[in-house]
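Novice: Below you'll find the structure I mean.
The values are calculated or read from the model by the stated rules, or taken from the named source; none is laboratory data. This one's a predicted model, so the numbers in the text were calculated from it and none came from an experiment. So basically every Cβ, Gly included, is an ideal-geometry build from the backbone, and we count neighbours across all protein chains shown. Areas reflect the complete protein model, heavy atoms only, side chains present, ligands, DNA and RNA absent. Shrake-Rupley method; radii C 1.70, N 1.55, O 1.52, S 1.80 Å.
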Amino acid sequence: MIEQGYKGEQLTSKFEKMKKKMSIAMDELIEEAEDDNDSMDKKEFEKEIDL
């Protein structure tokens with residue numbers, strides 16, 4: 001952000017906004033991973049990879 005020209009209060013404000021967006025994005029990724037967590041047992045896995 002410094003390389004983009006942000007300084008002082010503007011830098012702090014931009015950082016806080018980006019930090020909040022990162023937190024929201026991480027929560028969404030975690031939720032998506034939990035929703036997609038279709039565990040399979042050994043037999044299902046072997047069938048999936050044609051063993």
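Novice: Quick one: with all protein chains in place, what share of the accessible area of the chain is carbon or sulfur, to the nearest percent (1.4 Å probe)? All intermediate terms of the calculation are to be shown ahead of the outcome.
Specialist: On the way: 2750 of 5250 Å².
Answer for the chain: carbon and sulfur cover 52 percent of the accessible area.
Novice: Given the chain reduced to its alpha-carbon atoms as identical point scatterers, what log10 I(q)/I(0) does the Debye formula return at q = 0.14, 0.17, 0.29 Å⁻¹?
Specialist: The calculated log intensity ratios at q = 0.14, 0.17, 0.29 Å⁻¹ are -0.58, -0.67, -0.97.
Novice: Let me ask something else. Where in the chain are there GluC sites (Glu not before Pro) that are in a DSSP coil and have at most 10 other Cβ atoms within 10 angstrom of their Cβ? Please list the in-between numbers first.
Specialist: On the way: sites: 3, 9, 16, 28, 31, 32, 34, 44, 46, 48; in loops: 3.
Answer by residue number: 3.
Novice: Accessible area per residue of the chain at 1.4 Å probe, in Å²?
Specialist: Details: 5250 Å² over 51 residues.
Per-residue accessible area for the chain comes out at 103 Å².
Novice: Please identify, among 40, 18, 26, the residue showing maximal mean-square fluctuation in a Gaussian network model of the chain using a 10 angstrom Cα cutoff.
Specialist: In the Gaussian network model the winner is 40.
Novice: Can you tally the lysine pairs in the chain where the Cα-Cα distance is under 22 Å and the two residues are eight or more apart, or on different chains? Let's see the in-between values first.
Specialist: On the way: 7/17; 7/19; 7/20; 7/21.
Number of lysine pairs found: 4.
Novice: Could you work out [θ]222 nm for the chain from helices alone, using -39500 (n - 2.57) per DSSP H run of at least four and dividing by all its residues? Round to the nearest 500 deg cm²/dmol.
Specialist: So the calculated ellipticity at 222 nm is -23000 deg cm²/dmol.
Novice: Are there trypsin sites (Lys or Arg not before Pro) in the chain that DSSP puts in a loop and that have at most 16 other Cβ atoms within 10 Å, and which ones?
Specialist: Numbers: sites: 7, 14, 17, 19, 20, 21, 42, 43, 47; in loops: 7.
Here the trypsin sites (Lys or Arg not before Pro) that fit, given the DSSP loop and packing criteria, are 7.
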